[in-house]
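Each remark here refers to the structure printed beneath this line.
Each reported figure results from applying straightforward, stated rules to the coordinates on display, with no laboratory input. Quick caveat: nothing in here was measured; it's all calculated off a predicted structure. No Cβ is skipped: glycine too gets one built from the backbone with ideal geometry, and neighbour counts run over all protein chains shown.
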Amino acid sequence: MYRMISSVLLAATVCCAFCGSAVAWPDRAVRIILPVPAGSAADFTARLIAERLSVRWAQPVVVDNRPGADGVIGVSSFVSGHDDHTLLFAISAVATVHAVQNEKLPYDPIEDLVPIAAVSEIVLAIAASDQSGIRSLEDMVRSARGAPGRLNWASSPGLPPFVFGAFTKGLGLEMEPVFYRDLSPALQDLGEGRLDVFVHALSVLMPQAQAGRLRLLAVASRQRAAAMSNLPTVTELGFSELVMEGLCGFFGSREMPVAVREKVAADVMAIANEPAVRDRLAAIGQTVHTGTSADFAEFLATNRERLMVLVRASGIPTLHK
């Protein structure tokens, strides 16, 4: 009996010690690794959330940009760190598309990246060069059918090339995909008529559209974007197969205690749902999309399943072997 009571007391002591340490987290500076360059849409979001987390946690929250190799460099740095005071902030493609695009990675994108909390959806849009004569998605389809092989297209990396590729193959459209290592030349080519159709973040395309360098055809989401509420969605136009959903969110390491992940998730969700944060993200073409860690994990699993179908249907080669 004595041994049983001692065991219970010992377990309770260990549990309390663990809970206390979790509640006290963070007890030093927190680093957020971004596998994208400064100035990108994900970078803006990470810094906006980090600023408020620093106040909430009473500890410095430092954003560390580590771009390169389509995000692999930054993710590798995060995984190899084994630090429960380091978080990864990235688009969901690092845990979905990377598993398909890369035969060999220095980490397991499913096992090593533990979903903590989604923050926002970066709204993608489909744009056409003014010189292409395309004024709508129906125009694009009609033009592609009327002149097979004449039109070309490009997109940001991740899910878009597979979605758009599967779309063109499904309709029997002969549109030539163009792959860019750097998307800046793609914008220039679109403005000068060398590129006909481009799928990219709405926040990047908006200024170009306002300057008259391109024409926005639709947002590739289920709901209209607050930043351009007059722009229809692909679903409204009857092209629901062009929906491209990708979330930005936080990931933790396998070593991070569950209680800490839950704390981070709750704090991130509270901050993301602040009206001021929602408004700032909406202004740059993002939609707040929060939920539990389980919600984020389910989103990733569903998109991995969809991606496997799209890869086969698109004919787009996986780019990294």
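Contact annotation: residue pairs with Cβ atoms under 7 Å, 6 or more positions apart or on different chains, pairing a residue in the range 109-134 that is within 15 Å of G285 (Cα to Cα) and in contact (Cβ under 8 Å) with a residue 40 or more places away in the chain with a partner that is buried (at least 24 other Cβ atoms within 10 Å of the Cβ) and of a type in the set (S, T, N, Q), are V119/T45; S120/T45; S120/Q286; E121/Q286; I122/Q286; V123/Q286. On the stretch given as the range 236-259, residues that are surrounded by fewer than 19 Cβ atoms within 10 Å (Cβ to Cβ) and of a type outside the set (D, E, K, R) total 7. The criterion of at least 3 residues that are among the aliphatic types (A, V, I, L, M), over 18 Å from T302 (Cβ atoms) and more than 14 Å from the chain's Cα centre (by Cα) is met, among strands (runs of 3 or more DSSP E) falling completely within the range 85-157, by 124-129. The residues in the range 261-286 that are crowded, with 21+ Cβ neighbours inside 10 Å and either out of contact with any helix residue (DSSP H, G or I) (no Cβ under 6 Å at 6 or more places or on another chain) or within 21 Å of V79 (Cβ to Cβ) (or both) can be counted, and the count is 7. One residue stands out in the range 167-225 among those that are over 22 Å from the mean Cα position of the chain (by Cα) and of a type in the set (G, A, S): the one that is farthest from P148 (Cα to Cα), namely A211. Taking the listed residues A41, A46, A93, the one that is within 24 Å of Q286 (Cβ to Cβ), of a type in the set (A, V, I, L, M, F, W, C), surrounded by 16 or more Cβ atoms within 10 Å (Cβ to Cβ) and in contact with a helix residue (DSSP H, G or I) (Cβ under 6 Å, 6 or more places away or on another chain) is A41, with no other qualifying.
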